[in-house]
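Only one structure is covered here, and it is reproduced in the block below.
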Amino acid sequence: QVQLVESGGGLVQAGGSLRLSCAASGRTFYTMGWFRQAPGKERDFVAAITWSGGRLYSTDSLKGRFTISRDNAKITVYLQMNSLKPEDTAVYYCAATGGTATRLVGDYDYWGQGTQVTVSS
């Protein structure tokens with residue numbers, strides 16, 4: 001059975017940092033990534049990384065503050081989030097696919113349960 005389990009969310013003040021982790025079990029994935037969903041909004045792409053280390057970010061601003069990485073031996077993907085802002089508050093979801101990295105929700109086959117990130121002003 002395939003599972004993606006996120007950890008590392010929490011409450012942080014603006015300007016602070018958090019590191020999210022997502023551990024997969026059951027199989028390996030060519031691409032693993034992160035999406036986020038704020039209350040009342042759609043689920044948005046944050047970042048993705050391929051097995052070979054190719055990275056895709058949603059916008060330049062996130063790329064400057066967020067860094068995605070992975071440990072293939074552990075089948076784990078990480079999201080280092082620095083200089084957090086209140087608008088980063090959302091539930092962050094790990095996602096995975098056997099295909100290449102894209103920004104589309106529908107291209108990812110497996111999802112974690114989500115971890116809450118709250119940034120206070």
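The table for this structure:
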| read-out | value |
| --- | --- |
| Three-way shape call for segment 66-121 based on the alpha-carbon gyration tensor, with the a/c threshold at 1.5 | prolate |
| Ranked by how many other beta carbons lie within 10 Å on average, peptides 114-121, 51-58 from highest | 114-121, 51-58 |
| For segment 18-121, size of Cβ-based charge dipole, Lys and Arg +1, Asp and Glu -1, in debye | 200 |
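No value in this document is a laboratory result; all are computed from the given coordinates. Note that the coordinates shown come from a computational prediction; the quantities given were computed from them, not determined experimentally. All Cβ positions, even for glycine, are placed from backbone atoms using ideal geometry, and neighbour counts span all protein chains on display.
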